[in-house]
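Undergrad: Just dropping this structure here.
The values are calculated or read from the model by the stated rules, or taken from the named source; none is laboratory data. Because the structure is predicted, anything quoted here is derived from the model rather than measured. No Cβ is skipped: glycine too gets one built from the backbone with ideal geometry, and neighbour counts run over all protein chains shown.
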């Protein structure tokens, strides 16, 4: 139990260390270096919480092992679109809504059919990826961002597996509340 408490405390510290500001367009583009890309998902609460929540939620899904790779693959697809100039209307609001919805899914311990879960997580990833691609168009920055995203999604998966169901639901409630606040600010 002590390890679980420490893991949850670490996740909470990570989340609170992240800036409340959105980590994408409008905040200035980062166009260089692996480190700039790697730190980028940690600089916005929206991306940080969404990636951790996807990992935690995936643990209890019938397609658990496929959700993180689908998220990362579609994140890359969204990044490529953003880097090539594709602009998704309502992107900021859409990203904030993904955070709220992932929180609700955690609270409800919702289980979706495999295809529906992969489609939903993939769509969420395209939104997040598009925002990142607009800011980090260089390949080396994108590589850093993907490395950090892998850590966050699989870290969330580890937390989801190691934490009691009640702790996951409580985290989901906090994530949903943050998502609602982010949506209101978008």
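Undergrad: Go through the range 85-113 and count every residue that is in contact (Cβ under 8 Å) with a residue 40 or more places away in the chain and out of contact with any helix residue (DSSP H, G or I) (no Cβ under 9 Å at 6 or more places or on another chain).
TA: So the count comes out to 1.
Undergrad: I'm told residue 170 meets every condition in (1) crowded, with 24+ Cβ neighbours inside 10 Å; (2) free of Cβ contacts under 8 Å to residues at least 24 places away in the same chain except one. Can you identify the failing condition by its number?
TA: All conditions pass for residue 170, except number (1).
Undergrad: Further question: For the range 158-175, give me each residue that is farther than 12 Å from residue 106 by Cα and assigned to a helix (DSSP H, G or I).
TA: Residues satisfying the conditions are 158, 159, 161, 162.
Undergrad: Now, a different point. How many residues are surrounded by 20 or more Cβ atoms within 10 Å (Cβ to Cβ) and modelled with pLDDT under 95 if we restrict to the range 83-116?
TA: Residues flagged as surrounded by 20 or more Cβ atoms within 10 Å (Cβ to Cβ) and modelled with pLDDT under 95 within the range 83-116 amount to 1.
Undergrad: Please pick out the residue among 22, 42 that is touching a helix residue (DSSP H, G or I) at 6+ places or on another chain (Cβ under 8 Å), within 26 Å of residue 183 (Cβ to Cβ), modelled with pLDDT under 95 and outside any helix (DSSP H, G or I).
TA: 22
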